[in-house]
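The values are calculated or read from the model by the stated rules, or taken from the named source; none is laboratory data. Small disclaimer: the values here were computed from a predicted structure and weren't measured. Cβ: placed from backbone, ideal geometry, glycine included. Neighbour counts: every protein chain shown. Ligands, DNA and RNA are stripped out before the accessible areas are found, and what is left, the full protein with its side chains, is counted by its heavy atoms. Shrake-Rupley method; radii C 1.70, N 1.55, O 1.52, S 1.80 Å.
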Amino acid sequence: MPKKKMVVFKNVDKKYSDGTVALDDVSFEISPGEFVFVIGTSGAGKTTLMKHIVKEEVPTKGEIIIDEDKLSEIKRPDLPLLRRKVGFIYQDFKLLDSENVFENVSLSLRVIGKPEKEIDTIVPNLLHLVGLGDKSERFPYNLSGGEKQRLVIARALAHEPKILLADEPTGNLDNASTWVVVDLIKKINEWGTTIIFGTHDNKIVDTLKKRVIHLEKGRIISDAEGGKYE
Ligand code: ADP
């Protein structure tokens, strides 16, 4: 039996309607529990690649398989199931500014019909996990950048995703907060979640020494273990 793969891209092309080629013959496989960096300069295709994993974009050509499901066969009503499997952390947070910390996490559980009693135990645990246990009443505008990003991580973990996509998660953070967030993502990986971490911060990549997929102009120019890249 071949070993199970969590993420498979087979010869994926993405051409946007204005003619921009954002992914060009991209192929790779990621095993369950792997930690993979996707690096490349701005415009290389990192965000486009991640959007394909949650079917926010569909390939022009090629095939994507997530947790053994072909995305081309996933119909619209089943998209929420896919998106529960995949947590997404954005650089610009996408928090609800009118809701407090607790609500920002609990809302994502309420929409999937979790009973309030369960929410009342899950959310404090998640906030504790990311070091925001004592800030559940705060509003996003009263949080530092690092705290906001940790709140985003707590929200992304609420559905216990198999895959965590982090798209430039430290792009807006100072050096100290960057390492707090990186350490947290590392820990989440050690607990078993597959991580795809998009960044153009070589310091992080050089420090963690994980597998690195290097994109340039939508093409993979190297894919190597141990923090190596061209
Ligand atoms: P990165 O995340 O590495 O900065 P992106 O995936 O955002 O790269 O972008 C890859 C290329 O696709 C860029 O040239 C970008 O301008 C283009 N692009 C991204 N989204 C769209 C879109 N919705 N329509 C047209 N072009 C796009």
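Check whether at least one residue in the range 91-113 is among the aliphatic types (A, V, I, L, M), crowded, with 21+ Cβ neighbours inside 10 Å and touching a strand residue (DSSP E or B) at 6+ places or on another chain (Cβ under 8 Å), and report yes or no. Checked against the condition, which is being among the aliphatic types (A, V, I, L, M), crowded, with 21+ Cβ neighbours inside 10 Å and touching a strand residue (DSSP E or B) at 6+ places or on another chain (Cβ under 8 Å), the range 91-113 yields no hits at all.
Does at least one position in the range 87-94 carry a residue that is part of a strand (DSSP E or B), more than 11 Å from the ligand (Cβ to nearest atom) and in contact with a Pro (Cβ under 6 Å, 6 or more places away or on another chain)? There is at least one residue in the range 87-94 that is part of a strand (DSSP E or B), more than 11 Å from the ligand (Cβ to nearest atom) and in contact with a Pro (Cβ under 6 Å, 6 or more places away or on another chain).
Looking at Asp69, is it open to solvent by 40 Å² or more (accessible area, probe 1.4 Å), at pLDDT 95 or above and within 16 Å of the ligand (Cβ to nearest atom)? No; evaluated as a whole, the condition is false for this residue.
Identify the residue in the range 41-56 that is open to solvent by 10 Å² or more (accessible area, probe 1.4 Å) and over 14 Å from Phe9 (Cα atoms) and, among all such residues, is farthest from the ligand (Cβ to nearest atom).
Applying the filter and picking the extreme gives Glu56.
Show the residue pairs that are 6+ apart or on different chains and have beta-carbon atoms under 6 Å apart, the first residue being within the range 21-45 and under 22 Å from Lys203 (Cβ atoms), the second being away from the ligand (no atom under 12 Å from the Cβ) and open to solvent by 10 Å² or more (accessible area, probe 1.4 Å). Every condition considered, the pairs that remain are Phe35/Asn189; Phe35/Lys210; Val36/Arg211; Phe37/Lys210. Of all residues in the range 148-194, those satisfying the criterion of being away from the ligand (no atom under 16 Å from the Cβ), farther than 17 Å from Leu126 by Cβ, touching a residue at least 12 places away in the same chain (Cβ under 8 Å) and out of contact with any strand residue (DSSP E or B) (no Cβ under 6 Å at 6 or more places or on another chain) are Leu173, Asp174, Ala176, Ser177, Thr178, Val182, Lys186.
Among the listed residues Ile196, Ile220, identify the single one that is open to solvent by 10 Å² or more (accessible area, probe 1.4 Å) and either in contact with a helix residue (DSSP H, G or I) (Cβ under 6 Å, 6 or more places away or on another chain) or at pLDDT 95 or above (or both). It would help to see each step written out before you state the result.
Details: Ile196 fails: open to solvent by 10 Å² or more (accessible area, probe 1.4 Å).
After ruling out the rest, the residue left standing is Ile220.
When the range 112-135 is filtered for residues that are closer than 18 Å to Ile89 by Cβ and either outside any helix (DSSP H, G or I) or small (Gly, Ala, Ser) (or both), the ones remaining, listed by number, are Val130, Gly131, Leu132.
One residue alone among Lys148, Lys228, Lys203 is within 17 Å of the chain's Cα centre (by Cα) and open to solvent by 50 Å² or more (accessible area, probe 1.4 Å), and that residue is Lys148.
Total residues in the range 1-39 satisfying the condition of being buried (at least 17 other Cβ atoms within 10 Å of the Cβ) and either within 16 Å of the ligand (Cβ to nearest atom) or within 20 Å of Leu208 (Cβ to Cβ) (or both): the figure is 17. Anything in the range 171-183 that is within 25 Å of Glu103 (Cβ to Cβ) and among the β-branched types (Val, Ile, Thr)? List them, or say none. The answer is Val180, Val181. Across the range 154-161, not a single residue is classified as surrounded by 19 or more Cβ atoms within 10 Å (Cβ to Cβ), within 18 Å of Val8 (Cα to Cα), modelled with pLDDT of 95 or more and out of contact with any Pro (no Cβ under 8 Å at 6 or more places or on another chain).
Among the conditions (1) closer than 30 Å to Val212 by Cβ; (2) more than 16 Å from the ligand (Cβ to nearest atom); (3) within 19 Å of the chain's Cα centre (by Cα), the only one that Val105 does not satisfy is (1). When you scan the range 59-66, do you find a residue that is more than 16 Å from the ligand (Cβ to nearest atom), buried (at least 18 other Cβ atoms within 10 Å of the Cβ) and at pLDDT 95 or above, even just one? Within the range 59-66 (the criterion being more than 16 Å from the ligand (Cβ to nearest atom), buried (at least 18 other Cβ atoms within 10 Å of the Cβ) and at pLDDT 95 or above), the answer is yes, since at least one residue qualifies.
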